[in-house]
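Contents: one structure, followed by commentary.
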Amino acid sequence: MKEAGTRKPHEINKFHEATDLDPKKVEFGRVLIIPQLDIEGRKEATLLIAPLSRIGYHIHDKDNEAYIVLDHKNESGEIISEECRMGRGHFLENTSTDSWLVVKSVKWW
């Protein structure tokens, strides 16, 4: 999924609990993560994707994942989301040159 972020850098500074996502998952740029839930069968986190950054293409062998854009909706006013089922692959890229993209990640198995 490619999407343009809308959060300016000063808005991201308030996320003090964010840490860098595993660098092996980041194809280019910088991605921060804030884990929020980790229970049997489900994980949730907020992802902060820097301008011109990308989580590389990966396949979900053992889980499913949904991305939900928290910053904005599409032109029709609908929530922007993507679901990746077990056995399929996807990536997530922020196409903005100056704004961060904030996304909710929900994984289940």
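Checking the stated criteria, residue 16 turns out to be of a type outside the set (Ser, Thr, Tyr) and part of a loop (DSSP other than H, G, I, E, B). Scanning region 48-66 for residues that are of a type in the set (A, V, I, L, M, F, W, C) and either without any contact (Cβ under 8 Å) to a residue 12 or more places away in the chain or more than 19 Å from residue 85 (Cβ to Cβ) (or both) yields 48, 49, 50, 52.
Before we move on, is residue 35 under 12 Å from the mean Cα position of the chain (by Cα), surrounded by fewer than 14 Cβ atoms within 10 Å (Cβ to Cβ) and modelled with pLDDT of 95 or more? Criteria met by residue 35.
In the set (1) surrounded by fewer than 16 Cβ atoms within 10 Å (Cβ to Cβ); (2) among the acidic types (Asp, Glu); (3) in contact (Cβ under 8 Å) with a residue 24 or more places away in the chain; (4) more than 13 Å from residue 106 (Cβ to Cβ), residue 71 fails one condition alone, (1). From the list 65, 11, the one residue that fits, being among the acidic types (Asp, Glu) and assigned to a strand (DSSP E or B), is 65.
Being part of a strand (DSSP E or B) and either more than 22 Å from residue 13 (Cβ to Cβ) or of a type outside the set (A, V, I, L, M) (or both) is not true of residue 55.
If you go through region 38-55 and keep only what is closer than 11 Å to residue 100 by Cα and either of a type outside the set (A, V, I, L, M) or modelled with pLDDT under 95 (or both), you end up with 51, 53. Each residue in region 71-109 was checked for being within 20 Å of residue 27 (Cα to Cα) and modelled with pLDDT under 95, and 0 pass.
In region 19-37 there is at least one residue matching the filter, namely being within 16 Å of residue 101 (Cβ to Cβ), hydrophobic (A, V, I, L, M, F, W, C), in contact (Cβ under 8 Å) with a residue 12 or more places away in the chain and not in a strand (DSSP E or B).
Annotation: of all residues in region 38-52 being assigned to a loop (DSSP other than H, G, I, E, B) and either crowded, with 16+ Cβ neighbours inside 10 Å or not small (Gly, Ala, Ser) (or both), the one that is nearest to the chain's Cα centre (by Cα) is 50. In region 74-97, how many are closer than 24 Å to residue 37 by Cβ and in a strand (DSSP E or B)? Qualifying residue count, region 74-97: 11. Checked against the criteria, residue 56 does not count as at positive phi and touching a strand residue (DSSP E or B) at 6+ places or on another chain (Cβ under 9 Å).
The values are calculated or read from the model by the stated rules, or taken from the named source; none is laboratory data. What you see is a predicted model, and the numbers here were worked out from it, not measured in a lab. All Cβ positions, glycine included, derive from the backbone under ideal geometry; neighbour counts span all protein chains shown.
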